[in-house]
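We did not get these values from a lab; they are worked out from the coordinates using the rules stated. Note that this is a predicted model, so its numbers are computed, not measured. Please note: Cβ atoms are built from the backbone with ideal geometry, for glycine as well, and neighbour counts cover all protein chains shown.
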Amino acid sequence: MAIIKPFQGYCPPSEIAEKISSPPYDILTSNEARKIVKNNHHSFLRIIKPEVDFSSETELMGSSLHEHGAKNLYNLIAERKLIKDPVPCMYIYQISMGNHSQTGVMMAASIEEYNSGLIKKHEF
């Protein structure tokens, strides 16, 4: 049996949660995502799809791109747009698009148990 634990996640204040939340990164092209963040500087797309901050001609690659996404995350935390929960929690979330909904649970788990296959990968 896998060992799971609660953790202290970061959540937006309820009054701005809609501005922070974003569609999944893999359903938008970079250009579609750029249009969304153009009017919403606080979109989580700037973290999960950080190339949106650059034109397609000057797009960063690899670790530079990931570092830029991390910088965007740290900025949201510094601006208190994402606030660390005061106590460890397990999080239940639901994503709905059209007639399809899926529910997930987030918690801390062992990397070794994940790599060994004890913890089911979300893609399967």
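Before moving on, here are some points about what is shown:
- The set of residues in the range 1-19 that are part of a strand (DSSP E or B) and in contact with a Cys (Cβ under 9 Å, 6 or more places away or on another chain) contains only Phe7.
- Number of residues in the range 51-71 that are surrounded by 13 or more Cβ atoms within 10 Å (Cβ to Cβ) and of a type in the set (Ser, Thr, Tyr) equals 0.
- Screening the range 98-124 for residues that are part of a strand (DSSP E or B) and in contact (Cβ under 8 Å) with a residue 24 or more places away in the chain and picking the one that is nearest to the chain's Cα centre (by Cα) gives Met106.
- Within the option set Ser22, Ser43, being crowded, with 17+ Cβ neighbours inside 10 Å, of a type outside the set (Phe, Trp, Tyr), touching a Leu at 6+ places or on another chain (Cβ under 7 Å) and part of a loop (DSSP other than H, G, I, E, B) holds for one residue only, Ser22.
- Tally, over the range 65-97, of residues that are over 18 Å from Leu45 (Cβ atoms), in contact with a strand residue (DSSP E or B) (Cβ under 7 Å, 6 or more places away or on another chain) and not in a strand (DSSP E or B): 3
Conditions (1) loosely packed, with under 13 Cβ neighbours inside 10 Å; (2) touching a residue at least 40 places away in the same chain (Cβ under 8 Å), marked per residue:
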site: Cys11; (1), (2): no, yes
site: Leu73; (1), (2): no, no
site: Lys81; (1), (2): no, yes
site: Ile92; (1), (2): yes, no
